[in-house]
Amino acid sequence: MTSMTGGGAVVKTLRNEDVSHVFGLIGSAGMEIFDALHCTPEIRFIGVRDERTGTHMADGYARASGKAGVILAGQNGPGATNLVTGLAQANAAYSPVVALAGSLSSQHVYRDAFQEVDQQALFKAVTKKTWTATQTKRLPEMVHEAFRTALTPRRGPVALNLPRDILAETVEYDAGPSAWHGAPPPAGEPDAVAQAARLLAGAARPLILAGGGVKNGRTHAAVLKLAELLNAPIAMSPGHGDAVPCSHPLYAGQIGPRGNVVATDFAKRADVILALGTRFGFNTTFYTTDNFNPQAAIVQVETDPLALGRLVPVSVGVFGDAGVVAAQLTRELAGHDASGARAWAAELREKRATLMNERDEAGAKGRTQPMQPAALFAMLRALAPADAMFTMDAGTLCLQATDQMPYVQPPALFTPLDFGLVGFSYACGLGVKLACPDRTVISLMGDGGFGMTMSEIGTAVQSDIRSICVVMNNGCWGAEKAYQRDFFDGRYIGADVPNPPYDKVAGLFGAKGFRVDDASQFEHAFGEALACGKPAIIDVQIDPNALYSFRRDSFKHRTKA
């Protein structure tokens, strides 16, 4: 065995877990870890400007790579508290983020020490598991457990607090148990699968509703094979429009207010809905039956048994992995005659084509000054490479964009999902780009959210992370301004945001900046951003009146003043 500090033991265990990137911000509580990283060239350290945005990078890295993303907060107290929003975001997305947080010395606990905060309690509500190291010799065991917990279904973030005295102590390194992250994805119980197959076999208007279980499991091939056997359109839950490739003829897009009218209409008329890897969560249903047929027979497939039938009544609940169960159903339905659903599938293709034509026409009409969002979305659809991966914020402009982009090669869409976080997209995109360096990464943000996180341009430049950020600049907090316009008689307060010229800010950091005042300038700017060989920011001026109240249901108690 080799003698090393506790910090060295943490880093050696990260190597044993095959970690290649660590995001973090240095601090005195974790200096032994940073020193060990300096001596470990196999791990690339990405120094960030804020622990919150660093956690978003780790989150994006995890979702894009399928591995755990690691964020290291070197300072106890404020360094740890800055992690909370990022971990809450990762928790809502079931993203396997491992947060390593420096903590004050063990002997100083409960003494009102400098930067003391109860980190154990702090992280408990926003992680899958939180614990604090108590012995240096057990650090390898605890780091292994962090990865095991984060990566075992249902995946999620974990936080491990590391007191500075535990990191400073010298021990003989003992690797402990080997890295192991759980059993293979579970198959559905045969009787439940057979019952589901009988329902699908009798469907005249079958629909597959694909969610995060399909996307995160990378099981779109199995789902497409089943859809083709059934002539079943594939709709997706919001934020998972890339669960299957958008180029497939059975692709319907996302349902609900964050989706499109075609997918939602088919969900409303389906007689059997096969829900693969989705909870029927808030953004899919708003906890109503407005966006799907309440009379449909619903087959729900989930790896979380508590999710089965929890939010909507189901005819059959199948505990199992979405992709595995899709393959089981394909075998069970071998030889199925889906000619009765052929017209149903043909109708989808026709209506989907009409929708896309309407969107392109809206884009052509929207080439005004200032530009309409539809024009920007149409140009991105035309110009984005097939390998493009899109990250998005919450907020009115990104919500309008969610169902509009071309998701050709899954995974290709990364959003805040049910946490609805503003300030997520750019940092997430940096993590996605590091996970998939050969793919094009395009981050869409409003100007307010970008203002929160633009310091990470420095991280992108320092670490040569060549993503493209398109800032949709309408000079306001658009979602809230829309509510003030529609429900509070235009009594605006706190809604307008004065911004610096973000293209010039990018240049000052050493990135490439572009400003687009007119739609005719965008194609050139985007082409230059793709080719510049640097991190790129495109500041696009968008009509501030192009706002939409997505959560109109929240204001049913109000009449328009």
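Below is a table of values for the structure above.
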{"read-out": "Every residue from region 1-20 that is of a type in the set (Gly, Ala, Ser), touching a residue at least 40 places away in the same chain (Cβ under 8 Å) and not in a strand (DSSP E or B)", "value": "Gly6, Gly7, Gly8, Ala9"}
{"read-out": "Matching residues in region 523-558 - criterion: being aromatic (Phe, Trp, Tyr) and more than 22 Å from Ile465 (Cα to Cα)", "value": "Tyr548, Phe550, Phe555"}
{"read-out": "Flag if Phe550 is among the aromatic types (Phe, Trp, Tyr), in a helix (DSSP H, G or I) and under 27 Å from the mean Cα position of the chain (by Cα)", "value": "no"}
{"read-out": "One residue from Ala227, Ala204, Ala221, Ala232 being more than 22 Å from the chain's Cα centre (by Cα), modelled with pLDDT of 95 or more and surrounded by fewer than 24 Cβ atoms within 10 Å (Cβ to Cβ)", "value": "Ala204"}
{"read-out": "Listing of strands (runs of 3 or more DSSP E) fully contained in region 21-74 that carry 1 or more residues being aliphatic (A, V, I, L, M) and in contact (Cβ under 8 Å) with a residue 60 or more places away in the chain", "value": "44-47"}
{"read-out": "Meets criteria (within 29 Å of the chain's Cα centre (by Cα), without any contact (Cβ under 8 Å) to a residue 12 or more places away in the chain and part of a loop (DSSP other than H, G, I, E, B)) for Pro153", "value": "no"}
{"read-out": "Filtered residues of region 277-312 (kept if within 17 Å of Val223 (Cβ to Cβ) and free of Cβ contacts under 8 Å to residues at least 40 places away in the same chain)", "value": "Ile298, Gln300"}
{"read-out": "Enumeration of residues in region 513-531 that are among the aliphatic types (A, V, I, L, M) and either touching a Leu at 6+ places or on another chain (Cβ under 8 Å) or in a helix (DSSP H, G or I) (or both)", "value": "Ala519, Ala525, Ala529, Leu530, Ala531"}
{"read-out": "Single condition Thr354 does not satisfy, out of (1) assigned to a loop (DSSP other than H, G, I, E, B); (2) touching a helix residue (DSSP H, G or I) at 6+ places or on another chain (Cβ under 9 Å)", "value": "(1)"}
{"read-out": "Test: Ala495 is in contact with a strand residue (DSSP E or B) (Cβ under 9 Å, 6 or more places away or on another chain) and touching a residue at least 60 places away in the same chain (Cβ under 8 Å)", "value": "no"}
{"read-out": "Pair list, Cβ under 7 Å, 6 or more apart: region 184-206 residue within 18 Å of Gly277 (Cα to Cα), other residue surrounded by 22 or more Cβ atoms within 10 Å (Cβ to Cβ) and of a type in the set (Phe, Trp, Tyr)", "value": "none"}
{"read-out": "When residues of region 100-112 are limited to those that are touching a residue at least 40 places away in the same chain (Cβ under 8 Å) and in a helix (DSSP H, G or I), the one farthest from Thr55 (Cα to Cα)", "value": "Gln107"}
{"read-out": "Given (1) part of a loop (DSSP other than H, G, I, E, B); (2) closer than 28 Å to Ala374 by Cβ; (3) of a type in the set (Ser, Thr, Tyr), index of the condition Thr289 fails", "value": "(2)"}
{"read-out": "Residue in region 511-532 that is in contact with a strand residue (DSSP E or B) (Cβ under 7 Å, 6 or more places away or on another chain) and among the β-branched types (Val, Ile, Thr) present", "value": "yes"}
{"read-out": "All positions within region 95-142 that are surrounded by 20 or more Cβ atoms within 10 Å (Cβ to Cβ) and either in the same structural domain as Gly431 (by TED's automatic domain parsing) or among the aromatic types (Phe, Trp, Tyr) (or both)", "value": "Phe123"}
{"read-out": "Residue within region 328-338 that is under 28 Å from Cys398 (Cβ atoms), of a type outside the set (Ser, Thr, Tyr) and not in a loop (DSSP other than H, G, I, E, B) present", "value": "no"}
{"read-out": "Residue in region 183-206 that is under 30 Å from Lys137 (Cβ atoms) and not assigned by TED's automatic domain parsing to the domain that holds Ala326 present", "value": "yes"}
{"read-out": "Which numbered condition Leu139 fails, given (1) out of contact with any Asp or Glu (no Cβ under 9 Å at 6 or more places or on another chain); (2) in a helix (DSSP H, G or I); (3) under 30 Å from Thr278 (Cα atoms); (4) hydrophobic (A, V, I, L, M, F, W, C)", "value": "(3)"}
{"read-out": "Candidate set: region 72-92, residues that are touching an Asp or Glu at 6+ places or on another chain (Cβ under 7 Å) and small (Gly, Ala, Ser); chosen: the one farthest from Asp59 (Cα to Cα)", "value": "Gly77"}
{"read-out": "Members of region 113-129 found to be modelled with pLDDT of 80 or more and part of a loop (DSSP other than H, G, I, E, B), listed by number", "value": "Glu116, Val117, Asp118, Ala125, Val126, Thr127, Lys128"}
{"read-out": "Identity of the residue in region 335-373, of a type in the set (A, V, I, L, M, F, W, C) and in contact (Cβ under 8 Å) with a residue 24 or more places away in the chain, that ends up farthest from Tyr251 (Cα to Cα)", "value": "Met371"}
{"read-out": "Per-region count, region 225-240, residues under 20 Å from Ala343 (Cβ atoms) and touching a strand residue (DSSP E or B) at 6+ places or on another chain (Cβ under 8 Å)", "value": "8"}
{"read-out": "Residue under evaluation Gln369, criteria (1) under 30 Å from the mean Cα position of the chain (by Cα); (2) not in a helix (DSSP H, G or I), criterion not met", "value": "(1)"}
{"read-out": "Neighbours by Cβ (under 7 Å, 6+ apart or cross-chain): first from region 437-459, more than 24 Å from Ser20 (Cα to Cα); second surrounded by fewer than 24 Cβ atoms within 10 Å (Cβ to Cβ) and of a type in the set (S, T, N, Q)", "value": "Asp447/Asn499; Gly451/Asn499"}
{"read-out": "Subset of region 467-481 [within 22 Å of Arg381 (Cβ to Cβ) and of a type in the set (Lys, Arg)]", "value": "none"}
{"read-out": "Scan of region 71-86 for residues that are out of contact with any helix residue (DSSP H, G or I) (no Cβ under 6 Å at 6 or more places or on another chain) and of a type outside the set (Ser, Thr, Tyr), ordered by number", "value": "Leu72, Gly77, Pro78, Val84"}
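The values are calculated or read from the model by the stated rules, or taken from the named source; none is laboratory data. Nothing here was measured: the structure is a model prediction, and the numbers come from that model. Every residue, glycine as well, gets a Cβ built from its backbone with ideal geometry; the counts of neighbours run over all protein chains shown.
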